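Engineer: Handing you a structure now.
The values are calculated or read from the model by the stated rules, or taken from the named source; none is laboratory data. Since the model is a prediction, treat every value here as computed from it, not as a measurement. Cβ coordinates were reconstructed from backbone atoms using ideal geometry, including for glycine residues, and neighbour counts include every protein chain displayed. When the accessible area is computed, the model is the full protein with side chains, heavy atoms only, and any ligands, DNA or RNA have been set aside. Shrake-Rupley method; radii C 1.70, N 1.55, O 1.52, S 1.80 Å.
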Amino acid sequence: MWGRRSLLVGALFGSAAALFAFAVTANLGLLEVLGVPAVLAAFLLTRGVLFGGALAALPVAAQSYVADVTHGQEERVRGLSRVGASLGLGLVLGPAVGGLLGRFGLLTALYVAPVVLVVVGLVVLFGLPEETRHADRPQPRGVRMRDPRMWPFLVLGTAIYLSISLLSMSTGFLLQDRLGLDGPRTAELTGVVLLAGGLPMLLVQGFVVPRLGWSPLRLLRSGLPLTGIAFTMIVFAPNLMTVVVASVLSGVGHSLAVPGYTSAPSLLFGPDEQGGVAGMIGSANAVVLMVGPLVATGLYELRPEAPFAAGAVVLFGAFVFALLHPGVRLRTHAGNG
């Protein structure tokens with residue numbers, strides 16, 4: 001059985017190897033050494049199966065590691081919020097750095113990414129302290145989706161990540177149609193709007209949440225309505241500035257709600273169940289982010305405002321659920337102890 005740190009290191013090096021193979025395949029395709037069918041098959045294997053599988057292990061291993069080395073509600077929330085901040089930092093810096101590297105060649109970013117992963121893997125290998133000793137750790141136990149400690153938070157997480165997907169997928173289309181923009185201007189302003197929402201996520205999760213000392217329930221109750229208000233603003237936004245302000249507000253709301261969602265169930269399960277909790281959360285998030293674009297596209301075909309109106313309804317519904325459902329209320333308070 002692998003430890004948490006070992007899984008992190010393996011996932012990082014595995015992701016690096018898969019991305020390097022993907023870059024080599026792309027290079028060979030551009031040189032016409034490989035034919036189109038061979039390139040597509042190699043892309044599916046390297047980028048889809050190998051990289052996707054290795055990457056999927058990273059957030060699960062990171063969350064499990066944090067749960068293993070932290071004790072008590074405040075420390076657990078602080079640690080998991082920093083994990084979320086690191087993901088937010090990657091989402092903000094990744095496209096920007098990739099665009100800059102594109103000036104040095106189409107494949108430059110593809111070759112730089114594996115190097116970054118190897119460097120991070122070495123830092124984790126030699127710089128990250130060991131978690132609970134392998135021999136002393138209890139035998140892992142699985143977590144069921146229908147567990148009453150788990151499913152109410154999966155409902156809340158579905159609402160949170162569905163709203164993230166609706167926002168990221170629909171903002172560009174809304175700006176183009178509402179402001180009458182051409183393609184390049186749409187891409188530029190969409191980047192500005194999403195960056196305006198991404199930077200607060202980085203700042204709030206990285207610096208504010210760890211210092212607030214709020215319970216997971218309070219984070220959820222604060223973040224969900226803020227994000228719901230942001231989506232409502234976008235529905236009726238008369239100009240670009242209103243959309244930017246709403247994106248900032250949404251970033252703050254998501255920054256509060258996500259740590260509450262990820263840390264609450266972690267506090268309710270024992271050390272032998274943390275891997276199962278992290279895996280359940282990671283799987284649910286992945287499914288929602290995969291289905292979300294399809295939902296966003298379908299709603300947008302009805303009306304440009306429909307994805308944001310639906311997001312507001314989902315978020316306010318989740319807020320009421322977090323206020324009234326006895327499983328969330330009582331079990332979160334129980335986890336606080």
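Engineer: I need the per residue convex hull volume for segment 254-330, using only the alpha carbons, in cubic angstrom as a whole number. Provide the component values of the computation, followed by the final result.
Structural biologist: Working: hull volume 7.6 nm³, N = 77.
Hull volume over Cα atoms, normalised by residue count, gives 99 Å³.
Engineer: Something else about it: Round to the nearest 0.05 the FRET efficiency obtained for Ala56 and Phe173 when R0 = 41 Å and r is the Cβ-Cβ distance. Don't jump to the answer; show the numbers that get you there.
Structural biologist: Details: r = 28 Å, r/R0 = 0.69.
It comes to 0.90.
Engineer: For Leu28, Leu154, give the ranking by accessible area with the largest first, probe 1.4 Å. Can you show the working numbers first?
Structural biologist: Values: Leu28 60, Leu154 15 Å².
Of Leu28, Leu154, the descending order of accessible area is Leu28, Leu154.
Engineer: Then there's this: Report the full-extension gain for the segment Ile229 to Met290: residue separation times 0.36 nm, less the Cα-Cα distance, to one decimal in nm.
Structural biologist: In short, 19.5 nm is gained.
Engineer: So what is the calculated 222 nm ellipticity per residue for the chain, using -39500 (n - 2.57) for each DSSP H run with n of 4 or more, over all residues, to the nearest 500 deg cm²/dmol? Walk me through the numbers before you get to the answer.
Structural biologist: Working: 13 runs with 264 residues, N = 337.
Estimated from H runs of four or more residues: -27000 deg cm²/dmol.
Engineer: Taking the dipole about the Cα centre of the chain, with the C-beta of Lys and Arg at +1 and of Asp and Glu at -1, give me whichever of Ala11, Gly223, Ile234 is farthest to the positive side.
Structural biologist: Farthest towards the positive pole: Gly223.
Engineer: Which value, in debye to the nearest 20, gives the size of the charge dipole of the chain about its Cα centre, when Lys and Arg are +1 and Asp and Glu are -1 at the Cβ?
Structural biologist: Details: 21 positive and 15 negative charges, 130 e Å.
Dipole size: approximately 620 debye.
Engineer: Something else: Would you kindly calculate the translational diffusion coefficient of segment 142-253, applying Stokes-Einstein with the Kirkwood radius from alpha carbon pairs, for 10 °C and a viscosity of 1.306 mPa s, and quote it in µm² s⁻¹ without decimals? Numbers along the way, then the final one.
Structural biologist: Working: Rh = 15.4 Å.
Calculated translational D: 103 µm²/s.
Engineer: If r is the Cβ-Cβ distance from Val24 to Val192 and R0 is 30 Å, what FRET efficiency results, to the nearest 0.05?
Structural biologist: Numbers: r = 35 Å, r/R0 = 1.16.
FRET efficiency, Val24 to Val192: 0.30.
Engineer: Ok, one more. Choose one of Phe207, Ala196, Tyr161: the residue whose Cα lies farthest towards the positive end of the charge dipole of segment 154-226 (beta-carbon charges +1 Lys, Arg; -1 Asp, Glu; about the Cα centre).
Structural biologist: Positive-end residue among those listed: Phe207.
Engineer: For the chain, list the DSSP H helices whose alpha carbon atoms reach 18 Å or more along the long axis and whose average Kyte-Doolittle value is 1.6 or above?
Structural biologist: Details: long enough: 4-30 (39 Å, 1.34); 52-69 (27 Å, 1.08); 73-101 (41 Å, 0.59); 108-127 (28 Å, 2.54); 151-179 (41 Å, 1.11); 183-203 (30 Å, 1.07); 216-235 (29 Å, 1.17); 240-268 (43 Å, 1.28); 274-302 (41 Å, 1.19); 306-324 (27 Å, 2.29).
Helix filter hits for the chain: 108-127, 306-324.
Engineer: Could you give the length gained on full extension between Phe104 and Leu122, defined as 0.36 nm per residue of separation minus the Cα-Cα distance, in nm? If you can, show how the numbers build up before the last one.
Structural biologist: Numbers: separation 18, 0.36 × 18 = 6.48 nm, distance 2.64 nm.
Extending this stretch completely gives an extra 3.8 nm.
Engineer: For Ile164, Ile229, Ile281, give the ranking by accessible area with the largest first, probe 1.4 Å. List each step's numbers first, then the result.
Structural biologist: Details: Ile164 45, Ile229 80, Ile281 5 Å².
Most to least solvent-accessible, the answer reads Ile229, Ile164, Ile281.
Engineer: Could I ask something else about it? Would you work out the charge dipole size for segment 1-78 about its Cα centre, treating the Cβ of every Lys and Arg as +1 and the Cβ of every Asp and Glu as -1, and quote it to the nearest 20 debye?
Structural biologist: On the way: 5 positive and 4 negative charges, 20 e Å.
Value, rounded to 20: 100 debye.
Engineer: Turning to a different aspect of this structure: Please compute the length gained on full extension between Val320 and Trp151, using 0.36 nm multiplied by the number of residues separating them and subtracting their Cα-Cα distance.
Structural biologist: On the way: separation 169, 0.36 × 169 = 60.84 nm, distance 1.60 nm.
Full extension of this stretch gives 59.2 nm more.
Engineer: Count neighbours as other Cβ atoms within 10 Å of each site's Cβ, and list the chymotrypsin sites (Phe, Trp or Tyr not before Pro) in segment 179-247 that are DSSP loop with at most 16 such neighbours. Display every interim value, and only then the final one.
Structural biologist: Numbers: sites: Phe207, Trp214, Phe231, Phe236; in loops: Trp214, Phe236.
Passing both the DSSP loop test and the Cβ count: Phe236.
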